[in-house]
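Data block below; observations after.
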Amino acid sequence: MPAVYEWYQRGLSLLRAGDSHAAATLLERAAEAEPGKTSIHEALARAYFRSGRFADALEQFNVVIELSPANDYGYFGRGLSLDRLGRLPEAVGHLRMANVMRPGNADYEAALASSEARLAGRST
């Protein structure tokens, strides 16, 4: 277990430093060793997202929500990932859920407004 914690901490440090690819490598190892840890999957999802690996990020955010259905950040990340994958109707639904779960979060509100505006633009 100490190695997993070290991988996780080092992965977070790399993520904060902007080295998303290296962070993902360590966090993948940690997630494989501790598949039931929401915090590890959330960090891995962030690393994938920041690396432009949106399908992989979506997969990890799905794991986060499966492990912790009340995790508002999981819905936010799922929505952002779906948005980047061009799946706007689905993205808006998950971003709305995040906003309902954590009202007043400026990041959540901005992401929802952006996705809704682009979705509305598609239908005109």
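Could you identify the single residue in Gly74, Gly52, Gly79 that is under 28 Å from Leu14 (Cα atoms) and not in a helix (DSSP H, G or I)? Walk me through it before giving the result.
Details: Gly74 fails: not in a helix (DSSP H, G or I); Gly79 fails: not in a helix (DSSP H, G or I).
Answer to the selection: Gly52.
Quick one: in segment 1-27, of everything that is among the charged types (D, E, K, R) and part of a helix (DSSP H, G or I), which residue is surrounded by the fewest Cβ atoms within 10 Å (Cβ to Cβ)? Before you say what the answer is, go through the steps one by one.
Here is the first cut: in segment 1-27, the residues among the charged types (D, E, K, R) are 6, 10, 16, 19.
With part of a helix (DSSP H, G or I) added as a condition, the list becomes 6, 10, 16.
Numbers: Glu6: 12, Arg10: 15, Arg16: 9.
Taking the candidates together, the pick is Arg16.
Any read-out appearing in this document is the output of simple, stated calculations on the displayed coordinates, not a laboratory observation. Please read these numbers as outputs of a predicted model, since none were measured by experiment. Here the Cβ is made from the backbone with ideal geometry for all residues, glycine too, and neighbour counts use every protein chain on show.
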